[in-house]
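Undergrad: Before anything else, here's the structure in question.
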Amino acid sequence: MTPDKILVTLFGLAAIAVIVWFFWMVKKPGVKAALSSSGYQELMVLVKGGYTPDVIVVQKGRLVRLTFTRHESVACSEQVLFPDFNRSSPLPEGEPTTIEFTPDKPGEYGFQCQMGMLRGKLIVE
Ligand SMILES: [Cu+2]
């Protein structure tokens, strides 16, 4: 191999390493819900091909109020479920829909569409 071929190969391997690191090793930090003046932890979630943000960070022991707005008509996302908190709600297209609950234990809890294809994570600190 000529030096420039070796260089290209090394560069390629480095690029692969970076891609692997970026997609599998980096933990998404998540978006913290904002504390409102009335003591709620509030966050807006956009529903379109997934949940944005899909990692939500809240504090335990305070009421959480998540407002989902669905900007698509595909059936997949027409419901959102929080199985660990016994909450679910239909999400009519274009209508902000609020889900409220109070997490009392720290941990990671999933939320999803009714088929489990769209997924998000709630981190309770
Ligand atoms: Cu779905």
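The values are calculated or read from the model by the stated rules, or taken from the named source; none is laboratory data. The structure presented is a predicted model; accordingly, all values stated were derived computationally and were not measured. Cβ: placed from backbone, ideal geometry, glycine included. Neighbour counts: every protein chain shown. Protein only, heavy atoms only, side chains kept; ligands, DNA and RNA dropped before computing areas. Shrake-Rupley method; radii C 1.70, N 1.55, O 1.52, S 1.80 Å.
Undergrad: Can you name every residue in the stretch 53-69 that is loosely packed, with under 15 Cβ neighbours inside 10 Å and in a strand (DSSP E or B)?
TA: Result: Thr67, single match.
Undergrad: Here is a further query. Which of the residues belonging to the stretch 74-109 are open to solvent by less than 90 Å² (accessible area, probe 1.4 Å), more than 18 Å from Gln41 (Cβ to Cβ) and within 16 Å of the ligand (Cβ to nearest atom)?
TA: Result: Val74, Ala75, Cys76, Ser77, Glu78, Gln79, Leu81, Pro83, Ser88, Pro90, Leu91, Pro92.
Undergrad: Kindly evaluate Val31 against the criterion of being closer than 16 Å to Phe111 by Cβ and open to solvent by 50 Å² or more (accessible area, probe 1.4 Å).
TA: So Val31 fits the description; yes.
Undergrad: Could you give me the residue pairs with C-beta distances under 8 Å whose first residue belongs to the stretch 62-81 and is within 14 Å of Ser36 (Cα to Cα), whose second residue is open to solvent by 60 Å² or more (accessible area, probe 1.4 Å) and not in a strand (DSSP E or B) wherever it lies, and which are 6+ apart or on separate chains?
TA: Close Cβ pairs (under 8 Å, with a partner that is open to solvent by 60 Å² or more (accessible area, probe 1.4 Å) and not in a strand (DSSP E or B)) amount to Arg62/Thr102; Leu63/Thr102; Val64/Thr102; Thr67/Pro96.
Undergrad: Please enumerate the residues belonging to the stretch 115-125 that are without any contact (Cβ under 8 Å) to a residue 12 or more places away in the chain and either of a type in the set (Val, Ile, Thr) or more than 12 Å from the ligand (Cβ to nearest atom) (or both).
TA: none
Undergrad: Can you work out which of the residues in the stretch 29-52 that are of a type in the set (Ser, Thr, Tyr) and in a strand (DSSP E or B) is nearest to Cys113 (Cα to Cα)?
TA: Tyr51
Undergrad: Give all pairs with beta carbons closer than 7 Å in which a residue from the stretch 88-114 that is modelled with pLDDT of 95 or more meets a residue that is among the hydroxyl-bearing types (Ser, Thr, Tyr) and not in a strand (DSSP E or B); count only pairs at least 6 apart in sequence or on separate chains.
TA: Every condition considered, the pairs that remain are Leu91/Ser77; Glu93/Ser73; Cys113/Ser77.
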